[in-house]
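Take a look at the structure set out below.
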Amino acid sequence: MACQGLQKGETLESLKRESETLKKKLEEERNKLNDVELHQVAEKVEVLSALSIKTRRVLKGHGNKVLCMDWCKDKRRMVSSSQDGKVIVWDAFTLNKEHGVPLPCTWVLACAYAPLRSLCLIMNGYLGLDNKCSVIPLSLDKNENLAAKKKSVAMHTNYVSGCSFTNSDMQLLTSSGDGTCALWDVESGQLLQSFHGHTADVLSLDLAPSETGNTFVSGGCDMKANVWDMRSGQNIQSFESHESDINCVKYYPSGDAFASASDDATCRFYDLRADREVAVYQKDSIIFGASTCDFSLSGRLLFAGYNDYTINVWDVLKGTRATILFGHENRVSRVRVSPDGTALGSASWDSTLRVSWSFSTGSNYIFRFIKLLFWVNSRLVLEFTVAF
Amino acid sequence: MTTVFFEYTSTFNLGEWSLNSPLKYSSKRLFYEDIFSPKTITNNMTSNSNLSNMRRLVEQLKLEASVERIKVSQAAAELQQYCLQNAGKDALLVGVPTGSNPFREPRSCAIV
């Protein structure tokens, strides 16, 4: 393949010129349809009322940086992986640790829950030259040696940076530092499709949310975000407007757009049908890179974790910052909204995880009144029982 | 393949530095000259693979230019509509009743 000769009249220069003209044409086509900005369209939308999202739970238990976390589909369990080589499954409300899996490798970069079965996916980083992605089936029996049931599924030539089960739960999509993404069959470990096109490490990927969807978006160190067709392996669309590495990409809940978080201290919002960037979320006071991002259930809020230890919450439509969450004492490595949108989980290099949710202020007074009623009631009951 | 392995181990053995920064800084940035085969060494191969790369790039650009697009105003309006439609269900936006467990199934209270 590499030894194909020159075709008639084709030279490296002519191809370069052709690619330049095509790039310009692409820009022109995209700009023609850029008739208005997203925040202008959203001017008529009500400004968000003050958000009362606060950290309600702090999960301590890891001995070192927490590199990754994910929610379980039962909406209350979380799985987290840390540089101390442990993967822990937590109950987010009661703070119980349900499982703890020690692994021989310390660079467990990512983990995820399988959508249908209670499979926990763990990825091994490359200390020990293990550029593999392994799957571990979880069970309720705490005495089982879970690490022994580890099954190696994917294999890359460099570290594996991101992973995701597909909708069917039988296939695994991975992204790697070798610049490729790959689709694997979980049972046989076979490579089904590989995706080439990035010219540097691919740092993150996200699957389209629809049930029938078969596209995914990946972002990498070449500052590009590419949208791929899973069946053909083709790169459908490519977006290059970031000024530094893209650390995280996430689809909008409707599947028509996606956001990316980058080391250039901005998050950007791209629409797939308009084929261009429609919003940039940045502030002069934010100079540290964003390492992770996620949307709320309705897509109105974009949570982005930064290397300055904060989580900025952006109003997606208006392009302004809604609020800022403090609390972590080191870089925020991952933020994830729970599957039903009730809570936000964040993992950090300060070895803790935090779960935050919002209480509606309106019901505060009603709640207090009801609490008072119950107290009065219980006092009366006490009086009666004492009398008897 | 073995050579590549040694390159990676040598960059990693920088000890403390590599453990305190994201992994991407300790791996080599790979610039593919020929995507479908391992990095080649001879000059002949390099010029041919540059050519095939350029050809691939041109094909890719043609494909991207032919994508069907809609106006930003229409796309933005649809995004906004989705947001507003689902805003009521968004617990991080609206909030859960104070003091309650957000992870419990929502139950309706009946006053007896």
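Of all the numbered requirements in (1) within 11 Å of chain B (Cβ to nearest Cβ); (2) over 30 Å from B:Q74 (Cα atoms); (3) under 15 Å from the mean Cα position of the chain (by Cα), A:N330 misses one, and that requirement is (3).
Looking across segment A:224-266, the residues that are among the aliphatic types (A, V, I, L, M) and over 15 Å from A:V280 (Cα atoms) come down to A:V227, A:M230, A:I236. Checking A:S358, A:S254, A:S296 one by one, the residue that is among the polar types (S, T, N, Q), at pLDDT 90 or above and crowded, with 20+ Cβ neighbours inside 10 Å is A:S296 and no other.
In the set (1) in a strand (DSSP E or B); (2) over 19 Å from the mean Cα position of the chain (by Cα), A:K250 fails one condition alone, (2). Entry remark, segment A:263-277: residues being within 13 Å of A:N34 (Cβ to Cβ) and within 20 Å of the chain's Cα centre (by Cα) number 3 in total.
For residues that are touching a Lys or Arg at 6+ places or on another chain (Cβ under 7 Å) and part of a strand (DSSP E or B), scanning just segment A:334-352, find the one that is surrounded by the fewest Cβ atoms within 10 Å (Cβ to Cβ). The residue in question is A:T352.
If you go through segment A:266-290 and pick out every residue that is more than 8 Å from chain B (Cβ to nearest Cβ) and either within 20 Å of A:V202 (Cβ to Cβ) or crowded, with 21+ Cβ neighbours inside 10 Å (or both), you end up with 11.
Looking across segment B:48-100, the residues that are charged (D, E, K, R), at the interface with chain A (Cβ under 7 Å from one of its Cβ atoms) and more than 20 Å from A:N31 (Cα to Cα) come down to B:R55, B:K89, B:D90. Consider segment A:12-44 and keep the residues that are among the acidic types (D, E) and more than 7 Å from chain B (Cβ to nearest Cβ). The one that is surrounded by the most Cβ atoms within 10 Å (Cβ to Cβ) is A:E37.
The values are calculated or read from the model by the stated rules, or taken from the named source; none is laboratory data. Just so we're clear, the structure is a prediction, and the values are computed from it rather than from any experiment. Methodologically, a virtual Cβ is constructed for each residue, glycine included, from the backbone with ideal geometry; neighbour enumeration extends over all protein chains shown.
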